[in-house]
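The values are calculated or read from the model by the stated rules, or taken from the named source; none is laboratory data. Quick caveat, the model's predicted, so the values are computed rather than measured. Neighbour counts are summed over all protein chains in view; Cβ atoms, including those assigned to glycine, are modelled from backbone coordinates with ideal geometry. Surface areas here come from the heavy atoms of the whole protein model, side chains and all, with no ligands, DNA or RNA. Shrake-Rupley method; radii C 1.70, N 1.55, O 1.52, S 1.80 Å.
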Amino acid sequence: MVVLGIDLGGTKIIGAVFDEEGTIRSKEMYLLENREGKEVGELVLRLIDELIGISGFSRSRIEAIGICVPGIADSKTGLVWAPNIPGWENYPLQKEIEEHFSYPVRVNVASDRTCYILGERWKGAAREVSNAMFIAVGTGIGVGLLIDGRIVHGFGDVVGAAGWLALGSPYFDEYDRYGQLEKYASGDGIALQTRRILKEGMLFVGSSLYRLDMERVTSRDVFEAYARGDDLAEFVIGKAILMWSLAAANLVSLLNPEKIIWGGGVFGPAVQFIDRIYAESCRWAQSVAIRQVSFEASQLPGGEAGLYGAGYLALLSMKND
């Protein structure tokens, strides 16, 4: 059995050919380079053709394709909403891929949140676990849920949009677009909060971050400054740690997982804080449930939980016949 897994992000697309054991037989990556709408769909099709061509397998050997998308994949209609890809409000990705083949191929499209936890269930930290969640912290924040051995999708496949978790008041209009947790504790949120303080120009005047172009400060800059003991960076990262801890505590109290797996581009540099996040979560979460859960980093290499999850999604579509 040979399948394709495709992980589509906001800036790049990575694909791999997997055999039944989960071994990658070929892998390729393309940058989106500001493509929009149908141009991105055409790039997905080109990547599929390239992967098959370099894999050594004939095209007819490909039985199923799993696609990980950065947004909402409606399992009922096959349409995709991806806010970071212009023109993908209701994009017919599944139909385009199916029509790209001259024979029937199973195509399953799922949210990145779903694929992250599927990847960890298949080849990562959630193996042999029936209750786990993957908290992905990157440009945004999302949670993939494995509850009682089943992936949770929700009514409209919007489940896991944790960036909108409400963790305090007052409410600000800026939460409309990103949500409160995301505004403070995503990669974009960490950069935003830092730029806001720099523009105010009153606090942390000794911070090395003032020497940068404040309009271009990134979360990477903040983490690098944190490593140097920068007071401003410590303040912003400290706020993010508190927000991650509160979110995790709420999820533990509500869903009683055995594991919370942290991943995404920010975890990365934030992996050093996992023990600190757990300690803070212990103050807020249900006391029995928090003692039953472990907080762990993703075990999959190079942030490839979404890629492995897409491959597993394809394999599951074959095994569930």
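Structural remarks
- Here Tyr210, Tyr175 are screened, and the one residue that is surrounded by 11 or more Cβ atoms within 10 Å (Cβ to Cβ) and in contact with a Lys or Arg (Cβ under 9 Å, 6 or more places away or on another chain) is Tyr175.
- Among residues of the range 125-158, those that are open to solvent by 40 Å² or more (accessible area, probe 1.4 Å) and in contact (Cβ under 8 Å) with a residue 12 or more places away in the chain, counted: 6
- Taken as a whole, the structure leaves Ile237 outside the set of residues that are under 18 Å from Gly142 (Cα atoms), modelled with pLDDT of 95 or more and either in contact with a strand residue (DSSP E or B) (Cβ under 7 Å, 6 or more places away or on another chain) or open to solvent by less than 10 Å² (accessible area, probe 1.4 Å) (or both).
- Criterion (within 28 Å of Gly168 (Cβ to Cβ) and of a type in the set (Gly, Ala, Ser)) met by exactly one of Gly302, Gly264, Gly306: Gly264
- Checklist (1) of a type in the set (Gly, Ala, Ser); (2) crowded, with 19+ Cβ neighbours inside 10 Å; (3) at pLDDT 95 or above applied to Ala305, failing item: (3)
- Among the residues listed as Ala289, Ala248, the single one being open to solvent by less than 60 Å² (accessible area, probe 1.4 Å) and either touching a Lys or Arg at 6+ places or on another chain (Cβ under 7 Å) or closer than 28 Å to Asp7 by Cβ (or both): Ala248
- Only one of the numbered conditions (1) without any contact (Cβ under 8 Å) to a residue 60 or more places away in the chain; (2) farther than 27 Å from Ala162 by Cα; (3) open to solvent by less than 60 Å² (accessible area, probe 1.4 Å) is violated by Ser60, and that is (3).
- Considering residues of the range 225-234 that are part of a helix (DSSP H, G or I) and touching a Ser or Thr at 6+ places or on another chain (Cβ under 9 Å) only, the residue most open to solvent (accessible area, probe 1.4 Å): Asp231
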